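The values are calculated or read from the model by the stated rules, or taken from the named source; none is laboratory data. Since this is a predicted model, take the numbers as computed values, not measurements. Please note: Cβ atoms are built from the backbone with ideal geometry, for glycine as well, and neighbour counts cover all protein chains shown. Protein only, heavy atoms only, side chains kept; ligands, DNA and RNA dropped before computing areas. Shrake-Rupley method; radii C 1.70, N 1.55, O 1.52, S 1.80 Å.
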Amino acid sequence: MRWTQTFIPTLKETPADAEIVSHKLMLRAGLVRKLTGGLYTFLPLGLRVLRKVEQIVREEMDRAGAIEVFMPALQPPEIWQQSGRYVTAREVLYKVKDRANKEWLLGPTHEEVITTLVAGEISSYRQLPRNFYQIQTKFRDEIRPRFGLMRAKEFIMKDAYSFDITDAAAQVSYQKMYDAYTRIFARCGLRTLPVEADTGVIGGKFSHEFMVPAETGENEVVYCESGSYAANLEKATSRGPLEPTPTHSTGPAPEKFPTPGVLTIEALSAPPYGVAAPAQIKTLVLMVKRSEEAESEPVLVLLRGDDQLNEAKFAGALGTNVFRPATPEEVFAVLGAHPGSLGAVAATLKTPDLRVLADGALRGAAGMTTGANEDGFHLRHVDLDRDVRVTDWADLRTVRAGERGPVNGQPLKLRRAIEVGHVFKLGTKYSEALHALYLDEVGHQHPCVMGCYGIGITRTVQAIIEQCNDRDGIVWPLTTAPFAVCLTPLNVAPDHPAFGLAQTWHDELTARGVEVLLDDRDERPGVKFKDADLIGFPLRVNLGEKSLARGEVELKPRREGLRAVKVEQALSAILEWLDTESRRLAEGVCQPGNSALHDRSAAG
RNA sequence: CGGAGCGUAGCUCAGCUUGGUAGAGCGCCAGCUUUGGGAGCUGGAUGUCGCAGGUUCAAAUCCUGUCGCUCCGACCA
């Protein structure tokens with residue numbers, strides 16, 4: 001390909017609406033252009049990268065035995081009503097109407113469609129297992145699209161759905177996808193960290209997210225250096241807070257004492273009270289909706305004073321994710337006091353059958369201090385077991401860095417990350433709702449056990465840029481670069497030897513299957529060098545008069561120094577470099593332990 | 001949806017406080033010079049100042065409304 005024959009609008013200056021480095025570089029390198037918030041046009045270079053990631057995904061999905069299909073993006077609302085998600089997912093659903101005023105949905109995902117297909121086509125255990133996948137545009141009415149392709153209204157996703165006869169078989173399908181994902185991201189040149197993920201209200205422990213460590217990520221992951229534990233913060237557990245919870249009773253009964261104006265844990269831990277945060281009980285009031293029709297009902301949540309509620313864990317413990325903090329008015333109605341003076345001591349409760357969820361870190365807690373449900377007063381000498389009627393115990397706290405990991409007690413670390421893939425064991429939720437049933441050997445009917453597996457293709461493209469860049473621009477891994485080689489003749493006069501040579505090599509390399517871009521622009525060398533570095537071609541070859549006079553050209557790998565080679569050896573040197581580089585990447589694929597934890601230093 | 005900020009040339013931005021002929025740099029076009037890390041000089045083209053109202057002799061500037069974008073939060077199969 002010749003530079004002047006394609007369209008590569010690079011920018012010297014950063015567009016004002018880009019915030020993170022990958023977004024800036026995508027725009028500056030001419031990979032994409034914004035149509036409007038959350039909607040982007042892929043320009044030729046961006047499209048080439050996109051196709052490369054798609055191809056890697058396709059090859060690994062095929063290798064893992066998945067079957068490619070292509071489903072409609074436009075979907076009938078009926079199947080969403082059948083699965084129940086017409087209501088639960090309503091906030092992300094784009095709805096359109098046809099001329100007969102019938103409503104249609106733009107698919108944010110395809111569980112309903114694939115399950116409907118399987119329901120009609122598969123009826124025997126002999127036809128299972130099956131894993132169908134597609135690469136397709138998804139539509140989600142994101143409340144706040146941001147960071148370019150990271151969170152968009154329309155994006156490309158690879159989604160796969162497995163159907164098995166038993167739970168055990170579904171686990172095998174799950175593991176195949178997990179392994180395929182590990183290979184996919186390694187081949188893309190991404191260092192990812194698979195973490196245990198929240199399974200939400202569906203429950204179960206089979207969900208992993210593939211995370212790209214990056215300060216700009218929207219997720220937080222918890223991990224330990226030994227690699228024995230890694231989880232999304234929403235899911236992460238530990239052996240508990242570092243500071244122990246007091247367990248020695250300090251008095252025979254709770255004692256009320258005045259605390260005028262004290263509304264926070266901090267205020268109560270300061271003089272003159274001096275009650276350490278771990279010796280306080282934090283009381284939260286949440287309004288929970290058990291079903292669409294039900295009224296919100298209050299639930300008390302007890303945490304240690306220095307802990308934060310983990311809402312995902314709370315949702316899991318409750319079996320619903322429809323809840324919100326109570327308003328001060330609701331709080332007063334329930335407890336007779338305002339936030340700052342709340343507590344769960346049974347004797348102070350107006351409603352004895354109020355549901356009380358307590359975090360495990362409070363087990364056996366004694367000599368604690370908490371609100372008295374009377375504005376301006378607290379209670380001390382509170383013993384959990386003696387004074388509080390806890391309905392349910394659960395792990396509800398958010399893990400903090402430094403705590404001991406659940407697996408081998410190693411200290412936990414926290415860092416931000418971008419989610420690029422998610423594997424999830426679904427169970428029978430959709431197969432039951434949409435009747436994807438099979439007959440077993442003895443003629444009994446069962447719902448298929450399902451799994452779903454997503455990769456954000458467009459997000460992966462940007463994640464690669466976020467991880468592989470330097471001061472001068474993008475540093476593409478060879479496997480996902482828009483072109484492997486950029487030939488840069490410094491003179492493009494038709495009869496100039498540099499240009500002639502570049503054209504010959506371009507044709508020669510192209511014939512050998514190498515993806516070459518010939519920079520045939522009549523620009524000064526500085527412009528060409530800057531653009532090539534900005535876009536980040538793995539290898540640049542400079543053909544200039546000075547070195548040609550010595551019978552040489554220059555090989556400039558994007559992340560290595562300049563190297564002069566004799567003209568007659570140049571082609572084989574280029575091919576050899578590409579060969580070495582692709583072997584180097586392939587080795588990375590074979591070592592999935594290529595720890596994503598140790599960032600930057602090993603980056604491009 | 002709550003909070004904050006921004007909409008002026010293709011891009012980055014100044015001008016707005018204190019109303020009075022629409023600006024700079026880059027890019028673009030032409031010419032000359034230059035030619036190994038975003039060249040120099042000369043000349044040129046380019047704007048309903050996001051949109052709609054209002055105030056005023058006069059609005060990019062002040063007021064009201066509205067739309068869009070960005071960030072923080074809430075939300076997020």
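Among A:PHE7, A:GLN467, A:ALA317, whose Cα sits farthest toward the positive end of the charge dipole of chain A (+1 at Cβ of Lys/Arg, -1 at Cβ of Asp/Glu, about the Cα centre)?
Checked the options; the winner is A:PHE7.
Given the C-alpha centroids of the stretch A:1-72 and the stretch A:533-549, what is the distance between them in whole angstrom?
When both Cα centres are located, 24 Å separates them.
Say each of A:THR4 and A:GLU19 gets a label point 7 Å from the Cα, pointing the same way as Cα to Cβ; how far apart are those two points in nm?
4.2
On full extension of the chain, what length is gained from A:ASN321 through A:ASP98, given 0.36 nm per residue of separation minus the C-alpha to C-alpha distance?
Details: separation 223, 0.36 × 223 = 80.28 nm, distance 3.31 nm.
Value of the extension gain: 77.0 nm.
Mind listing the phi-derived Karplus ³J(HN,Hα) values for the stretch A:313-324, rounded to whole Hz, using 6.51, -1.76 and 1.60 with θ = phi - 60°, and x for any glycine or proline?
After applying 6.51 cos²θ - 1.76 cosθ + 1.60, I find 5, 4, 4, x, 5, 8, x, 8, 10, 9, 7, 7 Hz.
Which far-off residues, 5 or more places away or on another chain, put their amide H under 5 Å from the one on A:ARG397, with H placed in the peptide plane?
So A:ARG397 has HN proximity to A:ASN310, A:GLY360.
Taking the Cα centre of the stretch A:474-588 as the origin, how large is its charge dipole in debye, to the nearest 20, when only Lys and Arg (+1) and Asp and Glu (-1) carry charge on their Cβ atoms?
Magnitude of the dipole: close to 380 debye.
Using each residue's phi in the stretch A:362-368, evaluate 6.51 cos²θ - 1.76 cosθ + 1.60 at θ = phi - 60° and report the 3J(HN,Hα) Karplus result to the nearest Hz, with x for Gly and Pro.
Those phi angles translate into 9, 4, x, 4, 8, x, 8 Hz.
So what's the convex hull volume per residue for the Cα atoms of the stretch A:1-158, in Å³? Please list the in-between numbers first.
On the way: hull volume 25.9 nm³, N = 158.
Dividing the Cα hull volume of the stretch A:1-158 by its residue count gives 164 Å³.
Label A:GLU441 and A:ARG239 with points 7 Å out from Cα along Cα→Cβ: what is the distance between them in nm?
4.6
Under 29 Å Cα-Cα from A:LYS176, which lysines qualify once same-chain neighbours fewer than 8 residues away are excluded?
Partners within reach: A:LYS52, A:LYS138, A:LYS158, A:LYS205, A:LYS235, A:LYS313, A:LYS413, A:LYS425, A:LYS429.
How much length is gained on full extension from A:LEU39 to A:ASP579, taking 0.36 nm per residue of separation minus their Cα-Cα distance?
Working: separation 540, 0.36 × 540 = 194.40 nm, distance 3.72 nm.
Answer, rounded to one decimal: 190.7 nm.
Aspartates and glutamates near A:LYS24 by alpha-carbon distance under 17 Å, same-chain residues fewer than 8 away left out - which ones?
Excluding near neighbours in sequence, the set is A:GLU13, A:GLU215, A:GLU466, A:ASP470, A:ASP472, A:ASP531, A:ASP533.
How much of the pair distance distribution for chain A lies past 47 Å, counting alpha-carbon pairs only, in percent?
Considering chain A, 30 percent of its Cα-Cα pairs are separated by more than 47 Å.
So if we plug the beta-carbon distance of A:LYS350 and A:ALA394 into 1/(1 + (r/R0)^6) with R0 = 22 Å, what FRET efficiency do we get, rounded to 0.05? Present the calculation step by step, with values, prior to reporting the outcome.
Details: r = 24 Å, r/R0 = 1.09.
Efficiency at R0 = 22 Å is approximately 0.35.
Ignoring ligands, DNA and RNA, how do A:HIS338, A:HIS444 rank by accessible area with a 1.4 Å probe, largest first? Present the calculation step by step, with values, prior to reporting the outcome.
Details: A:HIS338 80, A:HIS444 105 Å².
So, going from the largest accessible area down, we get A:HIS444, A:HIS338.
Expressed in nm to one decimal, what extension gain is obtained for the pair A:ILE67 and A:THR264 from 0.36 nm per residue of sequence separation less their Cα-Cα distance?
Details: separation 197, 0.36 × 197 = 70.92 nm, distance 5.65 nm.
Here the answer is 65.3 nm.
Provide the FRET efficiency to the nearest 0.05 for the A:THR250-A:GLU218 pair, computing r from the beta carbons and using R0 = 35 Å.
It comes out at approximately 0.20.
Given R₀ = 56 Å, FRET efficiency for A:GLU91-A:SER572 by Cβ-Cβ distance, to 0.05?
Working: r = 58 Å, r/R0 = 1.04.
Computed FRET efficiency for A:GLU91 and A:SER572: 0.45.
May I ask you to evaluate 6.51 cos²θ - 1.76 cosθ + 1.60, the Karplus curve with θ = phi - 60°, for each residue of the stretch A:156-162 and list the ³J(HN,Hα) values in order in whole Hz, giving x for glycine and proline?
Using θ = phi - 60°, the values come out as 9, 10, 9, 10, 10, 9, 9 Hz.
Roughly speaking, to the nearest percent, how much of chain A's 1.4 Å accessible area is carbon and sulfur? If you can, show how the numbers build up before the last one.
Working: 14100 of 26820 Å².
Carbon-and-sulfur percentage of accessible area, whole number: 53.
Would you mind computing, in nm to one decimal, how far apart the modelled labels at A:VAL172 and A:LEU11 are, each placed 7 Å from Cα along Cα→Cβ?
Going from the A:VAL172 label point to the A:LEU11 one covers 5.2 nm.
Residues of chain A: accessible area per residue at 1.4 Å, in Å²?
Details: 26820 Å² over 604 residues.
Dividing the accessible area of chain A by its residue count gives 44 Å².
List the GluC sites (Glu not before Pro) within the stretch A:390-483 that fall in a DSSP loop (any state other than H, G, I, E or B) and whose Cβ has at most 14 other Cβ atoms within 10 Å.
On the way: sites: A:GLU403, A:GLU419, A:GLU432, A:GLU441, A:GLU466; in loops: A:GLU403, A:GLU441.
For GluC sites (Glu not before Pro) across the stretch A:390-483 that sit outside H, G, I, E and B with at most 14 neighbouring Cβ atoms in 10 Å, the list reads A:GLU441.
Can you show me the helix-derived [θ] at 222 nm for chain A, built from DSSP H runs with n ≥ 4 at -39,500 (n - 2.57) apiece and divided by the number of residues, rounded to the nearest 500.
Numbers: 16 runs with 167 residues, N = 604.
It lands at -8000 deg cm²/dmol.
Can you tell me the order of A:192-198, A:454-460, A:383-389 when each peptide is scored by its average per-residue count of other Cβ atoms within 10 angstrom, highest first? Working shown, then result.
Numbers: A:192-198: 22.0, A:454-460: 25.7, A:383-389: 18.6.
Sorting A:192-198, A:454-460, A:383-389 by mean packing, highest first, produces A:454-460, A:192-198, A:383-389.
Between beta-carbons, use under 11 Å as the cut-off and find the net charge around A:ALA570, counting Lys and Arg +1, Asp and Glu -1.
Once positives and negatives cancel, what remains is -3.
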